[in-house]
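What follows draws every value from the coordinates through simple rules; no lab data is involved. All figures in this text were calculated on a predicted structure; none of them were measured in a lab. Every residue, glycine among them, receives a Cβ derived from its backbone with ideal geometry; neighbour counts consider all protein chains shown.
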Amino acid sequence: MEYNTTRGKLFIREYGRNTQKLIKYVTTIPDKEKRTKFARTIIQIMAQMNPAARETGDFRHKLWDHLHIMSDFKLDVDCPYPLPSSDILIAKPEKLKYSDSDIEFKIYGRNIKRIIDAAIKYEDGPEKDALVHAIANHLKKSYLNWNRESVADDLIFQHLESLSNGKLHMKDELFLNKTSEILGRNKKKKPTKPLPKKGYKPKVKSKMKMKRKKT
């Protein structure tokens, strides 16, 4: 009996040990033309084992890379793609870049600042006024998500001017939504009563009891 502890290392577990054994056998074939023909057959088998990956554009390229990886980069065949380097197995991914810019008002998030920057570029007119009005209402709604009591509209106007560096202002004839309306929309719906279980029968008073009450 053969145990896993005595077997060789599986390079890519998704293809199984039998596929790796086939690839190992191909490396022992002396004729390069036969090796290439056998390798193409193995590529077809590997493609059938992972049909969902066929939608990707570089599907065939990945299969050939996996073939060379499972051969421990010892397979010498006519490959239609550049041979992968063994460094790809030890290479570390690049670090993700995070923005170091501080958020002036964290309750509003970072995306609202991008929207405000885009609104500043609009030409003055009804469209820009409507956009500024919508942004101010959004600021008030976001503020009330954290402070459920109330907020003065003047404070929202100050935050809008601060976030836009004094470039956006609300028109005097426009007003923000009332606090009561915003809080009313944010309230959760009352939970409905659970449905009765299957086989449940409501209790019905018997006719005898009904007659006794009448008498």
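Taking the Cβ of Met170 as the center, what net charge do the other residues with Cβ under 12 Å away carry, scoring Lys and Arg +1 and Asp and Glu -1?
Computed value for this residue: -3.
Quick one: dipole size for the stretch 9-89, taken about the Cα centre, charges +1 on Lys/Arg Cβ and -1 on Asp/Glu Cβ, in debye to the nearest 20.
Computed charge dipole of the stretch 9-89: roughly 360 debye.
On a straight-distance basis, which aspartates and glutamates could pair with Lys37 in a cross-link, Cα separation under 16 angstrom, same-chain partners fewer than 8 positions away excluded?
The reachable aspartates and glutamates, counting only those whose Cα sits under 16 Å from Lys37, are Asp76, Asp78.
Got the relative contact order for the stretch 9-89 handy, in percent, Cα pairs under 8 Å and 6 or more residues apart?
Reported as a whole number, the value is 37 percent.
Mind checking which aspartates and glutamates have their C-alpha under 12 Å from Lys178, skipping anything on the same chain fewer than 8 residues away?
Output for Lys178: Asp153.
Going toward the positive end of the dipole of the stretch 9-89, with +1 on Lys and Arg Cβ and -1 on Asp and Glu Cβ, which of Asn18, Pro84, Pro30 do you reach last?
Sorting the options by dipole projection puts first Asn18.
Just to check, using Stokes-Einstein with a Kirkwood Rh over alpha carbon pairs, what's the diffusion coefficient of the stretch 9-89 at 37 °C and 0.692 mPa s in µm²/s?
This corresponds to a translational diffusion coefficient of 255 µm²/s.
Counting alpha carbon pairs within less than 8 Å and at least 6 residues apart, what relative contact order, in whole percent, applies to the stretch 111-185?
For the stretch 111-185, the relative contact order is 36 percent.
Taking the alpha-carbon centroid of each part, what is the distance from the stretch 92-166 to the stretch 62-90 in angstrom?
Each part reduced to its Cα centre gives a spacing of 50 Å.
Quick one: 3J(HN,Hα) in Hz for the stretch 32-46, Karplus 6.51/-1.76/1.60 with θ = phi - 60°, rounded, Gly and Pro as x.
5, 5, 5, 4, 5, 5, 5, 5, 5, 5, 5, 4, 5, 5, 5
Which aspartates and glutamates have a Cα lying under 14 Å from the Cα of Lys106, excluding residues fewer than 8 positions away in the same chain?
none
Quick one: length gained pulling Lys34 to Asp124 fully straight, 0.36 nm per residue minus the C-alpha distance?
25.1 nm
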